[in-house]
């Protein structure tokens with residue numbers, strides 16, 4: 001976002017406690033602000049932003065939780081409090097804030113002046129009126145989400161609101177509060193989905209988590225095992241017992257026991273295939289939808305990319321900050337994003353894509369195949385026109401993937417640009433109205449009141465004749481691409497992943513596979529899925545009278561409900577009680593052009609969807 005003015009003469013502030021706090025614990029927070037050289041006159045005010053994941057402050061009911069009070073070092077100074085709690089990122093000059101990062105407490109100077117060195121003390125969670133009585137209020141509950149939270153302080157020194165954008169200037173070096181994970185209670189295990197032969201070492205990445213899925217440590221623990229027999233046991237140090245299980249002659253998965261504090265934490269890995277898909281393709285996993293502090297998320301692009309690579313163990317990732325938050329993505333931030341997208345790209349190891357979320361009355365993610373590309377802001381009237389927008393994206397060889405949280409302008413549909421749509425994110429699924437994990441408000445409103453995008457689900461879009469493959473992403477606002485279950489304000493579904501069948505782990509190969517729709521989506525589980533018709537992979541457009549529909553699924557747990565959908569109708573369903581299922585069904589023409597896709601729902605609720613195949 002274009003930032004508010006930052007000044008170094010506005011004073012200083014301290015926050016207590018000044019030590020890390022355990023996630024989900026209860027803690028009163030005391031923030032002390034010392035006035036800077038310019039002082040604050042009568043009519044001026046101080047804005048203190050409580051980060052989104054913290055409980056909503058209140059100033060009227062001292063007998064309830066999260067009560068806020070303020071005092072001053074000068075008796076003659078009279079203060080009052082005012083709250084602005086708009087959480088939906090609205091740029092609001094009259095309210096004096098951008099809305100991007102939290103709930104805002106305003107301390108108004110009603111009488112007297114604050115001079116250099118005077119201080120105010122704000123208590124967030126003041127329970128002193130009732131003390132420790134059991135029926136009294138409790139200190140605010142700290143976020144479940146670990147991380148470093150800035151309590152931003154901004155000043156309007158005279159009530160004239162002269163500073164750019166909101167009228168408030170931000171104090172340099174606002175204080176931070178650090179929330180740390182609870183004790184480790186589970187592990188998440190990731191292995192490559194495809195290895196070429198049994199002679200390879202299999203890398204296993206172990207992500208240690210607390211009960212809220214906060215990662216413990218800033219990297220996954222990396223182990224390696226080698227296949228010797230059909231089933232192997234490995235004892236790695238006193239802590240790990242890894243058992244390789246043969247699902248059949250082509251697939252393995254692993255069970256892992258981790259011994260910690262006299263307890264055993266158990267987990268399974270995702271399945272791994274011995275041999276490439278259709279003899280050519282590796283399977284790579286990525287998250288194409290993540291936000292940072294440059295819009296309304298946590299962490300910088302650099303921190304998010306490190307998390308994606310070192311913690312979530314992704315093969316590819318895209319940063320997609322909003323173009324219109326507070327009030328819009330700045331040129332400096334866009335250049336910084338491009339710089340880090342370029343720096344972190346390592347062909348063969350880690351692939352990064354440049355993108356952003358275009359917002360007008362709709363939401364779409366725009367991507368570029370390299371580290372270069374322009375922001376075509378949805379607030380710019382020129383780019384409200386689909387014709388102008390599409391022309392400019394084509395010049396830059398980009399691609400549009402509608403974010404079905406709010407959908408796309410389907411009047412702007414262009415076959416060359418609209419190759420994929422996001423069927424799932426942490427907001428939920430947009431497969432069809434009434435689908436499992438449906439986006440809660442999908443059927444309760446016309447998308448942002450826009451008649452042009454009232455068709456909001458995959459099945460509606462396919463029925464219109466639009467040829468869209470599918471992706472899934474996290475839409476992470478917590479700085480955790482690839483493994484997130486947080487928006488900027490609350491817990492959600494776990495974010496999704498996009499699986500891509502590509503020739504190699506490079507930008508060019510993965511972009512080409514996405515463009516050809518050789519990809520599928522999951523709700524986050526690394527389910528292995530193959531789907532072909534007449535030997536051609538998902539995303540294909542073919543001509544055939546008879547159709548040999550082949551599918552192979554290996555789940556992350558046993559028990560799967562497998563469904564083949566043709567023209568939005570079920571033509572095959574199977575309840576599989578094993579990890580593995582493979583089948584071929586034969587089918588014939590129904591319409592001039594038929595479309596098919598595959599859906600898998602596991603017993604644990606995890607879902608995978610193939611991209612469709614179209615047959616004339």
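Read-outs: derived from the displayed coordinates by stated rules, not from any lab. If you're wondering where the values come from, they're calculated on a predicted model, not measured in any experiment. Don't worry about glycine lacking a Cβ; one is built from the backbone with ideal geometry, like all the others, and counts go over all protein chains shown.
Summarising the label geometry, the points placed 7 Å from Cα in the beta-carbon direction at residue 489 and residue 161 lie 2.2 nm from one another. For residue 60 and residue 121, what is the calculated FRET efficiency with R₀ set at 22 Å and r taken between the beta-carbons, to the nearest 0.05? With R0 = 22 Å, the Cβ-Cβ based efficiency is 0.70.
Starting from a Cα-only point model with no solvent, please compute log10 I(q)/I(0) by Debye for the stretch 527-616 at q = 0.20 1/Å. Log10 of I(q)/I(0), two decimals: -0.86. Between the Cα long axis of helix 386-395 and the first principal axis of the chain there is an angle of about 70°, rounded to the nearest 10. Pairs of Cα atoms nearer than 8 Å and 6+ residues apart set the relative contact order; for the chain it is 10 percent. In this simple spin-label approximation, residue 396 and residue 504 carry label points 7 Å from Cα along the Cα→Cβ vector, and these lie 2.7 nm apart. Counted over all Cα-Cα pairs of the stretch 186-274, pairs farther apart than 15 Å make up 57 percent.
Comparing the stretch 1-53 with the 2.2 N^0.38 Å rule of thumb, its C-alpha radius of gyration ratio is 1.45 (two decimals).
Just check the stretch 282-524 against the gyration tensor rule for me: Cα atoms, a ≥ b ≥ c as the square roots of the eigenvalues, rounded for a/c under 1.5, and otherwise prolate or oblate depending on whether a/b exceeds b/c. Rounded, since a/c falls under 1.5.
Relative to the longest principal axis of the Cα atoms of the chain, the long axis of helix 331-344 makes an angle of roughly 40 degrees. Mean sequence separation of contacting Cα pairs (under 8 Å, at least six apart), scaled by the length of the stretch 68-170, corresponds to a relative contact order of 28 percent. Given R₀ = 41 Å, what would the calculated FRET efficiency be for residue 219 paired with residue 243, taking r from the Cβ atoms and rounding to 0.05? The value I calculate is 0.95. Computed extension gain for residue 34 through residue 379, at 0.36 nm per residue and net of the alpha carbon distance, reaches 120.4 nm.
Estimated at 0.36 nm per residue, the fully extended path between residue 250 and residue 588 surpasses their Cα-Cα distance by 118.6 nm. The alpha-carbon atoms of the stretch 6-180, seen along their principal axes, cover 44, 34, 28 angstrom, with the largest extent given first. Computed FRET efficiency, Cβ-Cβ of residue 550 and residue 466, R0 30 Å: what is it to the nearest 0.05? About 0.75, to the nearest 0.05. Measuring nothing but alpha carbons in the chain and taking Rh as the Kirkwood radius, the Rg to Rh ratio lands at 1.01. In plain terms, the residue of 303, 200 with the fewest other Cβ atoms within 10 Å comes first and the most crowded comes last, giving 200, 303. Of the peptides 191-198, 354-361, 65-72, 522-529, the order by per-residue mean of other Cβ atoms within 10 Å, starting with the highest, comes out as 522-529, 354-361, 65-72, 191-198.
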